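Below is one structure; the comments refer to it alone.
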Amino acid sequence: MAAASAAVRMLPDGGADDEERWLAEGIAGVQQNAFYMHRALDSNNLKDALKYSAQMLSELRTSRLSPHKYYELYMRAFDEMRKLEMFFREETRRGSCSVVDLYELVQHAGNVLPRLYLLCTVGSVYIKSKEAPAKDVLKDLVEMCRGIQHPLRGLFLRSYLSQISRDKLPDIGSEYEGDAESINDAVEFVLQNFIEMNKLWVRMQHQGPVREKEKRGKERNELRDLVGKNLHVLSQIEGVDLDMYKETVLPRILEQVVNCKDDLAQFYLMDCIIQVFPDEYHLQTLETLLSAFPQLQPSVDIKTVLSQLMDRLSNYAASSPEVLPEFLQVEAFAKFSNAIGKVIEAQPDMPVVGAVTLYVSLLTFTLRVHPDRLDYVDQVLGACVKKLSGKAKLEDSRATKQIIALLSAPLEKYSNIVTALELSNYPRVMDYLDNATTKVMAVVIIQSIMKNTTCISTSDKIEALFDLIKGLIKDMDGAQDDELDEEDFKEEQNSVARLIHMLHNDDHEEMLKILCTVQKHILLGGPKRLTFTVPSLVFSALKLVRRLQGQDGDVTGEDVPATPKKIFQILHQTIEALSCVPSPELALRLYLQCAEAANDCDLEPVAYEFFTQAFILYEEEIADSKAQITAIHLIIGTLQRMNIFGVENRDTLTHKTTGYSAKLLKKPDQCRAVYACSHLFWTDDQDGIMDGERGSSGSVTLFIEILNKYLYFFEKGIPQITNTVIQDLIELIRTEQQSDNAVADPSTEAFFSSTLRYIEFQKQKGGNIGEKYEQIKTSS
C-alpha cells in the first residue's frame with residue numbers, strides 16, 4: 001500500500017493528465033482500504049472490515065472522473081466487494097453472525113453511497129440464506145437506492161444491484177420462488193430498477209454547460225449497456241410469458257421510453273426491445289409496439305429501428321414457414337404500413353431519404369413474408385409515390401439510391417419483369433428519378449431480363465416496358481447531348497438492341513403488334529439511337545417474314561392479317577428513318593437484306609423496290625470512295641443470289657450495277673468491281689444468264705485476278721473463253737512482269753505461280769478437264 005501511495009505522489013504536478021491522476025488516486029485508495037479490509041477479515045474483526053470497506057467504497061463518491069474512467073475505478077471496488085460477499089456468506093453459514101443483524105449493521109455506515117453498496121452486498125447474502133422472502137429484500141433495496149440521485153454514481157450503484165440480484169429473482173422454477181404472485185414481484189423489481197436507471201441516464205444529458213452537450217452525449221453512449229441489461233434480464237425471466245409481456249412488461253417499458261423524451265434513450269431502448277425479446281412476442285404485440293414509434297422524438301432515427309424490426313420478423317417468417325398464417329392473422333403488413341404512415345405524418349420534416357428507406361424495408365418485409373400478394377407490393381410503391389408527390393426530381397443521392405433499391409427489390413424477388421409490369425405504381429415511382437438515374441434503372445431492368453431470359457410476349461407488356469426504359473430509348477426533358485459519355489451511350493443502346501431480339505410471340509398477329517409497338521418507340525428515339533436500334537428491329541421483323549414465307553395478300557388497312565407484304569411496308573418505313581441520321585451505308589445494307597428476304601417470299605415487286613432504294617442511296621448519299629467499293633460489292637453479292645427477277649428487271653439491275661462499277665474512282669477498283677459483275681451474267685442455276693462478253697486491262701495483279709476469273713468461266717464451258725485467250729493472257733502477264741517499268745512484287749509473283757500450278761494440276765486430272773487444259777502452256 002505504501003508503494004501505491006508513493007506512486008501517486010510521484011506523479012508530476014500538472015505534467016500528467018488530471019483525470020489520470022485522479023483515477024490513480026482513487027485506485028490507490030481502493031487498494032489501500034482493501035488491504036486493511038482483508039486484514040480485518042483475516043482476524044474476524046467484522047467492525048473494522050465494515051469500516052475499511054466503507055472507506056474503500058467512498059472512493060466511488062468522486063465526481064471528477066469521466067464514465068470510462070469511473071468504470072475502471074468501479075471494477076476495482078467491485079472485485080473487492082465480491083470477496084466481501086463471500087466472507088459474509090461464510091460467516092452467516094457458520095453462525096458467527098446473524099444475517100439479519102448484519103443487514104441492520106451495515107445501515108450505520110456514515111455515507112449514503114458506501115452504505116447502499118454494503119446493503120446490496122449483504123442483501124444478496126440475505127436472499128441466499130432464505131431467511132426472508134427474496135421479493136421483500138429486493139423491494140427494500142430498489143427503494144433505498146433512490147437515495148443516490150447523482151446520475152453517474154446512481155447508475156453504477158443500480159447496475160451493481162442488478163448484477164448481484166439477477167440469479168436471485170423469485171422466478172418460476174427458481175429456488176427463490178415464492179407464492180403465485182412472486183413472478184410479478186420479480187418483474188416489478190427489474191422494471192423499477194430499469195425505470196430509475198433510465199431517468200438517471202437521461203438526466204446526465206442536462207447537467208453541465210451547453211458547450212459540452214456533444215461530449216456528454218458520447219459519455220452517455222458509453223453507459224447505455226448499463227440500462228439495457230435490465231431489459232435483457234427481463235427477457236430471461238421464465239415467468240414472463242406472452243400474456244405478461246403483452247399486459248405488463250411491454251406497456252411499462254414503452255411508457256418509460258416515450259415519456260423520457262430523449263432521442264438517444266428512445267433510439268437505444270427501442271432497439272433493445274427488438275433485439276432481446278422473442279420474435280413471436282413482437283408479432284403478437286405488434287400494434288402496441290408500433291404505436292410508440294409516432295410518439296418518439298423527431299430526431300430519433302426511426303427508420304433504422306423500424307427496419308430492424310421488419311428484418312427480424314421477415315427472417316422469422318423465412319426460418320419458420322409454419323408461422324406465416326400468424327402474420328396474416330395479426331395483419332402484420334397493414335399494421336406496419338399504417339405505422340410508417342403515422343410516423344411520416346408525425347414528422348413532417350423527415351428527409352425524403354428517411355421515408356423512402358422505411359418503404360424499402362416495408363417492401364423487403366412484404367416480399368419475404370407475402371411474396372404472392374402483388375397488391376401489397378403495389379400499395380408500398382403507391383405510398384412512396386404519395387410521399388414524393390408534389391416534389392421535383394430527386395437530387396439527394398442517398399434518396400435516389402434508396403429509390404433504386406425499392407425498384408430493384410421486385411425484380412430480384414420475382415426474377416421476371418413481367419410481374420413488375422403488373423404493378424401500376426412502379427412507373428410512377430420511376431418518374432421521380434433524375435435522367436441519369438432513370439437510365440441506370442432502365443439498364444438494371446434490361447439486365448434482369450437478360451439474366452433471367454424473360455420472354456415478353458404481348459404488345460401491351462412491351463408498351464409498359466418501353467415506358468419504364470424510356471430513359472434509354474428517347475431523349476429526356478432537359479437532357480443535354482454533351483453530357484453523354486460516348487462509350488456509355490453505345491453500351492446503353494446495345495442493351496436496348498439486345499432487348500429487341502428477345503421479344504417474341506409464336507402468334508404471328510401478336511408478333512406483328514409487338515414489332516409495330518417497338519417501331520413506334522424507337523422512331524421517336526432521335527437520330528443518334530437509330531443506328532443501334534433499327535437493325536435489331538429489322539432482323540426481328542425478317543425472322544417473322546421467314547416464318548410467314550409463302551403467305552401473301554393485299555394490304556388494305558391497319559387491321560389486316562400479318563403478311564410478308566405488311567411487314568415489308570413497316571421495314572421500308574423503318575429503314576427510311578435512317579436518312580435523318582444520316583447513315584446511308586447501314587440503310588443500304590438493310591435494304592439489301594430485305595430484298596433478299598422478299599426474294600425468298602417470291603415478291604418480285606417488293607424486292608425490286610428495295611434494290612431501287614439501295615441504288616438511290618448509292619447515287620445520292622454514298623460519296624466516300626471506300627464506302628462505294630464496299631457498297632457495290634454488297635449489291636453485286638446480293639443480286640447474284642436473287643432468283644425472283646424476270647429478264648427485264650434483272651437486266652436493268654445488272655447493267656446498272658455494272659455501270660456503277662465502271663465509274664469507281666480508281667481503275668483497280670473499277671476492274672475488280674467489273675469482273676465481280678461477271679457473275680451476274682453467268683450463273684449456274686439460272687437459265688438465260690449466260691452473256692460471255694468480257695474485256696480486260698490493268699496492272700499485273702489485276703491481270704492475274706482476271707486470269708483466275710477466265711479459268712473459272714473456261715471450266716464452265718463459256719465458248720468465248722478459249723485456251724488461246726487464256727494463253728494470250730498468260731503471255732501478257734509475263735510481258736508485263738518483264739517490262740522495264742515493272743516493279744518486282746513477291747506476293748504478285750507468288751499469286752501467278754500458284755495460278756500456273758493450278759493449270760498444271762488440272763492437266764494431270766485427265767479426262768475432259770485435262771484435255772481442255774492440255775493446249776495451255778505454262779512454261780516460258
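The values are calculated or read from the model by the stated rules, or taken from the named source; none is laboratory data. Remember, predicted model here, so these are calculated numbers, not experimental data. Cβ sites come from the backbone with ideal geometry, for glycine too, and all protein chains shown count toward neighbours. All accessible areas refer to the heavy atoms of the entire protein, side chains included, with ligands and DNA or RNA removed. Shrake-Rupley method; radii C 1.70, N 1.55, O 1.52, S 1.80 Å.
Please sort through the DSSP H helices of the chain and keep those with an alpha-carbon extent of at least 27 Å along the long axis and a Kyte-Doolittle average not below -1.0.
18-42, 182-203, 527-547, 746-765
Would you work out the Kirkwood radius for region 367-414? I mean one over the mean of 1/r across all pairs of different Cα atoms, in Å.
11.8
Dividing the convex hull volume of the Cα atoms of region 198-332 by its residue count, what figure in Å³ per residue is obtained?
112
What does the charge add up to near Asp79, with Lys and Arg as +1, Asp and Glu as -1, over the other residues with Cβ less than 14 Å from its Cβ?
-1
What's the center-to-center distance, using Cα atoms, between region 231-305 and region 715-777 in Å?
99
Over region 436-528, what relative contact order in percent results from Cα pairs under 8 Å that are six or more residues apart?
Rounded, it is 43 percent for region 436-528.
Can you check how the C-alpha radius of gyration of the chain compares to 2.2 N^0.38 Å, as a plain ratio?
The value comes to 1.68.
Only loop residues by DSSP count here, and only those with at most 16 other Cβ atoms within 10 Å; note down the trypsin sites (Lys or Arg not before Pro) in region 592-690 that meet that.
Those satisfying the criteria are Lys663, Lys666.
May I ask you to give the average projected area over all directions of the convex hull of the Cα atoms of region 406-525, in nm² rounded to one decimal?
In nm², the orientation-averaged hull projection of region 406-525 is 7.3.
Can you tell me the relative contact order of the chain? Whole percent, Cα pairs under 8 Å, sequence separation 6 or more.
With pairs under 8 Å counted, the relative contact order is 4 percent.
Within a Cβ distance under 14 Å of Phe336, other residues only, what is the Lys/Arg minus Asp/Glu net charge?
That sum, taken over residues with Cβ under 14 Å, equals +3.
Highest first, please rank the peptides 708-716, 261-269 by the mean number of other Cβ atoms sitting within 10 Å of their residues.
261-269, 708-716
Any idea what diffusion coefficient region 281-336 gets from Stokes-Einstein, in µm²/s, Kirkwood Rh on alpha carbon pairs, 20 °C, 1.002 mPa s?
178
Compute the Kirkwood hydrodynamic radius of region 277-395, taking the inverse of the mean of 1/r over all pairs of distinct Cα atoms, and give it in Å to one decimal.
Taking the inverse mean of 1/r over all distinct Cα pairs, region 277-395 comes out at 14.7 Å.
With a sphere of radius 14 Å drawn around the Cβ of Thr400, what net charge do the other residues whose Cβ falls strictly inside it have (Lys, Arg +1; Asp, Glu -1)?
+1
With no solvent and one point per C-alpha, what does the Debye sum give as log10 I(q)/I(0) for region 50-163 at q = 0.15 Å⁻¹?
So the normalised log intensities are -0.62.
Quick one: P(r) of region 579-638 from all Cα-Cα pairs, 10 Å bins, percents rounded to integers, in order of increasing distance.
Per 10 Å bin, starting at 0, the Cα pair percentages come out as 24, 55, 20, 1.
Mind checking which lysines have their C-alpha under 23 Å from Lys229, skipping anything on the same chain fewer than 8 residues away?
Output for Lys229: Lys69, Lys128, Lys135, Lys139, Lys168, Lys199, Lys218, Lys246, Lys261.
Sort Asp243, Asp349 by heavy-atom solvent-accessible area, probe 1.4 angstrom, most to least.
Asp349, Asp243
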